[in-house]
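For reference, the structure is listed below as structure tokens.
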Amino acid sequence: MRPSRSCAFVAALSLAAGACSGTQSVLSPAGPQAGTIAHLWWIFFAILGSIYVIVISAAVYGLLRRRRSEPAADGVPFYGEPGRSDTSEGSITTVVTTAVVLTALILVVFVFVNAATEHALASRTQRNPVEIVVNGHQWWWELTYKSRDTSQMVTTANEIHIPLGEPVLIRATSQDVIHSLWIPNLHGKQDLIPGHERTLWIQADVPGVYRGQCAEFCGLEHAQMALLVFAEPAEQFNRWLEQQRRAGVTPSTPDEQRGQQVFLTGPCALCHNVTGTRASARVGPDLTHIGSRSMLAAGMFPNTPGYLGGWIIGAQQLKPGAQMPNLAIKGEDLQPLIAYLQSLK
Ligand code: CUA
């Protein structure tokens, strides 16, 4: 193999291997639900792959055999002796009948393994589970951690934290149009329908950060509607939840205090909530703990002061069509506003 060709071969191979692992892959299950689905995928792959190989082999065999029986000295193709066919009508009927019966059998097998998978997905439950309402918005995810005591409920956005090894109940719905929640390492797709609530269980047995993506076209920024799932040990998860239950931190530096003033008196407070302040709007993501999140704009940018500033003044350039308008924040106000938002851990 020439070096360039072998390089391309290695690249293709590593690409194929890469597709089977990673933070957003069906073939790299991190929990029982995704494991069941991956199992089903491999059954389909084995059966359909075998059929493909058999069909292609038969086609190649047919072509080669036909070529061998082509003396054609007079330019007329000749397929065997006249009056005697290699394949009699009887044997063709047998082959076709066998193929039809096998096809029907395979379809029946698929129906059963599919039903078994559905059953396995639905049968994993837990008493008093962590319960999260996932509400799709154009184009971000609103997440509410339920609790019987409403003061203990937590609202956040775009980043789900779950305890390791425990089934977590997801109640999926939508605020506007149909979205689809898809976290390939943990579960299959689940449509989010406005006005309806659908439930599914997810469980992560392997710690890590898994990427999810909206999987139903929902408008201009559908492709930029991602979320992250942090699967962490129960202790770490409980610490996170406890911290999220607190009100937004009180600004401690003059810069942050000024930033809070800008936030509360400017346009930010018309759409966002920061618990513990006068800002209590629910149009955009809850910002009470925005400083503790790793990404901005539903998985688009890392949560750094630079991107945050860019997002505040130029959201329409970064994510055209998003509900977040470009805000005309004065230059001297921007830095304090960023400092305040970053302090909201
Ligand atoms: Cu939401 Cu696509």
Within the chain, count lysine pairs with alpha carbon atoms under 26 angstrom apart where the residues are 8 or more positions apart or belong to different chains.
6
Set the Förster radius R0 to 51 Å, insert the Cβ-Cβ distance between VAL111 and ILE313 as r into 1/(1 + (r/R0)^6), and round the FRET efficiency to 0.05.
0.40
Kirkwood-type radius of region 104-226, with distances r between different C-alpha atoms, in Å:
15.6
So how strong a dipole does the chain carry about its Cα centre when Lys and Arg Cβ are +1 and Asp and Glu Cβ are -1, to the nearest 20 debye?
300
Pull up all non-local amide H partners of HIS179: gap of 5 or more, or a different chain, and H-to-H distance under 5 Å with H placed in the peptide plane.
LEU192
Fewest-first sequence of SER151, SER88, SER292, SER25 by Cβ atoms within 10 Å of each Cβ:
SER151, SER88, SER292, SER25
Could you size up the charge dipole of region 105-236 around its Cα centre, putting +1 on the beta carbon of Lys and Arg and -1 on that of Asp and Glu, and report it in debye to the nearest 20?
280
Karplus-derived 3J(HN,Hα), 6.51/-1.76/1.60, for each residue of region 310-326, Hz, glycine and proline x:
x, 5, 5, 8, x, 4, 6, 7, 7, 9, x, x, 4, 5, 6, x, 5
Could you put MET300, MET225, MET153, MET295 in order, starting from the residue whose Cβ has the fewest other Cβ atoms within 10 Å?
MET153, MET295, MET300, MET225
Sequence-distant residues sharing a close amide H with LEU327 (under 5 Å, placed H)
ILE313, GLY314, ALA315
Which whole-number percent is the relative contact order of the chain (Cα, under 8 Å, 6+ apart)?
15
For CYS214, CYS271, order by how many other beta-carbon atoms lie within 10 Å, fewest first
CYS271, CYS214
For the chain, what does the equivalent ellipsoid look like in terms of its semi-axes, each the square root of 5 times an eigenvalue of the Cα gyration tensor, given largest first in whole Å?
56, 25, 18
Per residue of region 144-156, what does 6.51 cos²θ - 1.76 cosθ + 1.60 with θ = phi - 60° give for ³J(HN,Hα)? Whole Hz please, x for Gly and Pro, Karplus curve as stated.
10, 8, 6, 7, 4, 8, 4, 6, 9, 6, 10, 10, 8
Report the FRET efficiency, 1/(1 + (r/R0)^6), for LEU270 and SER123, where r is their Cβ-Cβ distance and R0 is 45 Å, rounded to 0.05.
0.45
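Since every read-out is calculated from the coordinates, none of them should be taken as a lab result. Here the structure is a predicted model, which means the values were calculated and not measured. Virtual Cβ from ideal backbone geometry, glycine too; neighbours counted across all protein chains shown.
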